[in-house]
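Structure first, then comments.
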Amino acid sequence: MKITINKQEHVMPAGATVADAVAAIEARPPFAAAVNTQFVPKTQYVQHVLADGDRVEIISPVTGG
């Protein structure tokens, strides 16, 4: 299936989860994840199954002025 992670298309196997998406881009903590603009708690990354066409955003806080 095709999903978009941070505005880049990725091909993932059926049944892929948010945890798989995080691993696909090698995200380093701290970060937060959202699927189709809905926040996904870290405790749900493994259980939240993605669907074809989902848009995943993995964002990190920015520090400084």
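The values are calculated or read from the model by the stated rules, or taken from the named source; none is laboratory data. Keep in mind that what you see is a predicted model, and the values were worked out from it rather than measured. Just so you know, the surface numbers come from the protein's heavy atoms only, side chains and all, with ligands and any DNA or RNA stripped out. Shrake-Rupley method; radii C 1.70, N 1.55, O 1.52, S 1.80 Å.
Accessible area per residue for the chain, computed on protein heavy atoms with a 1.4 Å probe, is 69 Å². In plain terms, if you count all Cα to Cα distances in the range 15-65 and split them into 10 Å steps from zero, the share in each step is 25, 58, 13, 3, 0 percent.
Over the chain, dividing the summed -39,500 (n - 2.57) contributions of all DSSP H runs of at least 4 residues by the number of residues returns a 222 nm mean residue ellipticity of -2500 deg cm²/dmol.
Straightening the chain between Phe39 and Ile59 buys 6.1 nm, computed as 0.36 nm per residue apart minus the Cα-Cα spacing.
Lys42 contributes about 150 Å² of solvent-accessible surface, heavy atoms of the protein only, 1.4 Å probe.
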